[in-house]
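Have a look at the structure below before the remarks.
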Amino acid sequence: MAILGPNALKFSSRSPEQTFRYGLRLGQLLQDGDILLLEGNLGAGKTLLTSGISRGWGAVQSATSPTYLLVNEYSRPDGKIFHHLDCYRLGNFPDVESINLAERLAMNGVLLVEWPQVILPWLPADHLLITLAIMGDDRREIQCEAKGARSAQLLTAFRRLTFER
């Protein structure tokens, strides 16, 4: 693990199971209104990490890639919603309107966006940017960068929970 500053952290995952466990830990810390942005090439593990995050958050359903649907929603028994957007296929502003982004941001719950570059101008400045890079067959490098006060708190709590024992 490398602490790249107070608002950035880089670490490695040696297996899909470990990537999922990192997601579980992060998901346990999420609060209403948290926004996570996931970047990385196809096959980097974004959906696997999302599965762990949503499960740690308490989602009843298993997360799957919404590439062709654009949006999946996962719920908890308390009625809160985890919004999972995949913007890989979005191309322009009318497409952005089709995902009802403003309504999703106004709801109680969490928003996680894969391929966020397309909608970045419409997202709040406070978010946690997570970048996954393929380093080998099962090995991934994961970098987290907090952009704002709440995401900085989230990253600090994740670092403590996961790496400081």
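See the values below:
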quantity	calculated
57, 115, 122 arranged by Cβ crowding within 10 Å, fewest neighbours leading	122, 115, 57
Compactness index (Cα Rg / 2.2 N^0.38 Å), region 2-163	0.96
Whichever aspartates and glutamates have a C-alpha closer than 17 Å to that of residue 147, once near sequence neighbours (fewer than 8 apart) are set aside	32, 34, 39, 114, 126
Calculated FRET efficiency for the pair residue 28/residue 88, C-beta based, R₀ 35 Å, to 0.05	0.80
Rounded FRET efficiency, nearest 0.05, which uses the C-beta distance separating residue 76 from residue 4 and R0 of 22 Å	0.10
Region 36-61-region 129-144 distance, computed between alpha-carbon centres (Å)	13 Å
Packing rank of 138-144, 6-12, where each peptide gets the mean count of other beta carbons within 10 Å, highest leading	138-144, 6-12
Set of lysines with alpha-carbon distance to residue 46 below 17 Å, sequence-local pairs under 8 removed	10
Estimated dipole of region 2-163 in Debye, rounded to 20 [Cβ of Lys and Arg +1, of Asp and Glu -1, Cα centre]	580 debye
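Each reported figure results from applying straightforward, stated rules to the coordinates on display, with no laboratory input. As the structure is a prediction and not an experimental result, all values here were calculated from the model. Here the Cβ is made from the backbone with ideal geometry for all residues, glycine too, and neighbour counts use every protein chain on show.
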